[in-house]
C-alpha cells in the first residue's frame, strides 16, 4: 500500500470517528437545565463513542461538566482543521531565495512530509552558503558554516 493510499484510508477513519464523537458531544452539550452526568449521558445517541461517555463521566467526577459546551466547540474547531496542528518547518538560507527556489523546495518537502506542511523561509548570512532545514524535530544542515566547522574539528584532532 502506498503512502497516499494509507493517507486516504486514515482520513476516512478520522472523519468517521470524529464525526460520531462530534455528533455525540453536540448532543451532550445541548442539554438544557442542570447538567448531571446521568442527564448528559441520556442525551447521547445510542451509538456514541465510548470515549465520549468516558469524557462526560470524568468531567462529572471532577466537577467540570459545565465546561462541556466549551470542550465540544473546541473539538468541532479541531475537526475542521483536520485534527492535529499542521507540521511546520523552517528553511534558513545564506541569501534570499528566489520564488522559483522556494517553490521547488516547498514541493520537495511537501512530497516527503505531506501536503499540510507549513514552511517559513528566513535568511542568516552567517551560513555563508547552503541551507538549514528544520521540520518538526528533524534538522538537515548543509550550510558551509557547519561544513567548515567540521573540517576545522577534523584538522585539530588529526
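The values are calculated or read from the model by the stated rules, or taken from the named source; none is laboratory data. The structure presented is a predicted model; accordingly, all values stated were derived computationally and were not measured. A quick note on method: Cβ atoms are made from the backbone with ideal geometry, for glycine too, and the neighbour counts reach across all protein chains shown.
A quick yes/no check of all residues on (1) over 30 Å from residue 35 (Cβ atoms); (2) at pLDDT 80 or above:
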{"position": "61", "(1), (2)": "no, yes"}
{"position": "79", "(1), (2)": "no, no"}
{"position": "82", "(1), (2)": "no, no"}
{"position": "97", "(1), (2)": "yes, yes"}
{"position": "120", "(1), (2)": "yes, yes"}
{"position": "135", "(1), (2)": "yes, yes"}
* Asked: Restricting the first residue to region 34-59 and requiring it to be without any contact (Cβ under 8 Å) to a residue 12 or more places away in the chain, which pairs with a second residue that is part of a loop (DSSP other than H, G, I, E, B) and surrounded by fewer than 16 Cβ atoms within 10 Å (Cβ to Cβ) meet a Cβ separation below 8 Å and a spacing of at least six or different chains?
  -> 39/33
* Structure fact -> All conditions in (1) within 16 Å of the chain's Cα centre (by Cα); (2) at negative phi are true of residue 141 except (1)
* Here are some conditions: (1) touching a residue at least 40 places away in the same chain (Cβ under 8 Å); (2) more than 25 Å from the chain's Cα centre (by Cα). Residue 22 meets all but one. Which one does it not meet? -> (2)
* Do any strands (runs of 3 or more DSSP E) lying entirely in region 46-158 carry at least 2 residues that are outside the structural domain of residue 28 (by TED's automatic domain parsing) and surrounded by 14 or more Cβ atoms within 10 Å (Cβ to Cβ), and which ones are they? -> 88-93, 118-123, 131-135
* Structure fact -> Note on residue 15: of the conditions (1) part of a helix (DSSP H, G or I); (2) modelled with pLDDT of 85 or more, unmet is (2)
* Run residue 6 past the list (1) modelled with pLDDT of 75 or more; (2) farther than 17 Å from residue 76 by Cα and report the number of the one that doesn't hold. => (1)
